[in-house]
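Report on the structure given below.
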Amino acid sequence: LQSLYEKKLATYPRTDSRYLTEDMRETAEKLIIWLRENMSCGSACKGNPDIARVTDNAKVSDHHAIIPTMQIAKLDRSELPAGERSVLSLISLRLLTATAQPQITEATTVTLNCSGYTFTANGKIELQTGWKEIERLFFAQLKQTAEKEEPSLPKLTEGQRFERVKASVREGKTSPPKHYTIETLNNYLKNP
């Protein structure tokens, strides 16, 4: 990131701010439009970018959030080392997802009674993919998955009856929580 800053491709790297100042609104909007048109995952962006969600003068102390600069429009990305290209792509992705439409899901909890036993099932239905689709496309391009998808439930109605349901018992072991790393501990201390 420091190298990208020195090449004027990213803003000041030593900040913990997640917001931009109001005076950056117009520049950020132009940058987001350029990213939407030039990043492969930008095709998933719908509607106008929500710049208001990331601009707040009161939440910026010394330096605003890290974002790419408009110099990337003049850049041949193949000239950058792979690590710098990846970092530039990630900060570009985060700017796109932070200003994209929200993901809207409908959470459902189902209670089932069977032979005197009560079971519950949780699931969700995605009503609007929003920023999640941008992230999914980005990581699919890298052949990685962003995160596990929760299973969705079929359409159900209250009082619905099911016949001949197959059931089984599965044994397994749980694992203890993962140990803290310096990064996860710092994140936890900043955002308890």
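State, as an integer percentage, the relative contact order of the range 56-152 based on alpha-carbon contacts under 8 Å between residues 6 or more apart.
On the way: 83 pairs, mean separation 21.5, N = 97.
Taking the mean separation of contacting Cα pairs over the length of the range 56-152, I get 22 percent.
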Selection from G172, T111, Q128, by position along the positive dipole direction of the chain (Cβ): G172
message: Here is the link list: K8/K132; K59/K178; K59/K190; K7/K74. Which ones come out longer than 21 Å on Cα distance?
response: K8/K132; K59/K178
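Got a sec? What order do K124, K173, K7 fall in by accessible area at 1.4 Å, biggest, i.e. largest, first? Intermediate values should be presented prior to the final figure.
Details: K124 65, K173 200, K7 95 Å².
Ranked from most to least accessible, the order is K173, K7, K124.
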- prompt: Tell me, which longest segment in the chain has none of the chymotrypsin sites (Phe, Trp or Tyr not before Pro) that fall in DSSP loops with at most 12 further Cβ atoms within 10 Å?
  reply: 1-161
Simple Cβ-charge dipole of the range 45-166, Lys/Arg +1 and Asp/Glu -1, about Cα centre, in debye nearest 20: 320 debye
- prompt: Of the chain, which part is the longest with no GluC sites (Glu not before Pro) in a loop (DSSP not H, G, I, E, B) and with at most 12 other C-beta atoms within 10 angstrom?
  reply: 1-146
- prompt: Can you pull the three principal axis extents for the Cα set of the range 18-153, in Å, largest first?
  reply: 67, 37, 27
field: Pairwise Cα inverse-distance average, inverted: Kirkwood Rh of the range 37-106 (Å)
entry: 14.0 Å
field: Euclidean distance of C-alpha centroids, the range 114-145 and the range 1-17, integer Å
entry: 34 Å
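So what is the relative contact order of the chain, in percent, for Cα pairs below 8 Å that sit 6 or more residues apart? Present the calculation step by step, with values, prior to reporting the outcome.
Details: 219 pairs, mean separation 38.8, N = 192.
For the chain, the relative contact order is 20 percent.
Please grab the % of Cα pairs in the range 1-47 that end up more than 13 Å from each other.
Numbers: 735 of 1081 pairs.
Tail fraction, whole percent: 68.
Classify the range 95-136: rounded, prolate or oblate, from the alpha-carbon gyration tensor (a ≥ b ≥ c, eigenvalue square roots; a/c under 1.5 rounded; otherwise prolate if a/b is larger than b/c)?
Here the range 95-136 falls in the prolate category.
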task: Name the aspartates and glutamates eligible as straight-distance cross-link partners of K155: C-alpha to C-alpha under 14 Å, and not fewer than 8 places from it in the same chain.
output: E106, E126
- prompt: What aspartates and glutamates could a cross-link reach from K143, if we take a straight Cα to Cα line under 18 Å and drop same-chain neighbours fewer than 8 places away?
  reply: E133, E135
message: How big is the dipole moment of the range 15-55 about its Cα centre under a simple scheme where the beta carbon of each Lys and Arg is +1, that of each Asp and Glu is -1, and everything else is neutral? Debye, nearest 20, please.
response: 200 debye
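The values are calculated or read from the model by the stated rules, or taken from the named source; none is laboratory data. This is a predicted model, so every value here is computed, not measured. So basically every Cβ, Gly included, is an ideal-geometry build from the backbone, and we count neighbours across all protein chains shown. Areas reflect the complete protein model, heavy atoms only, side chains present, ligands, DNA and RNA absent. Shrake-Rupley method; radii C 1.70, N 1.55, O 1.52, S 1.80 Å.
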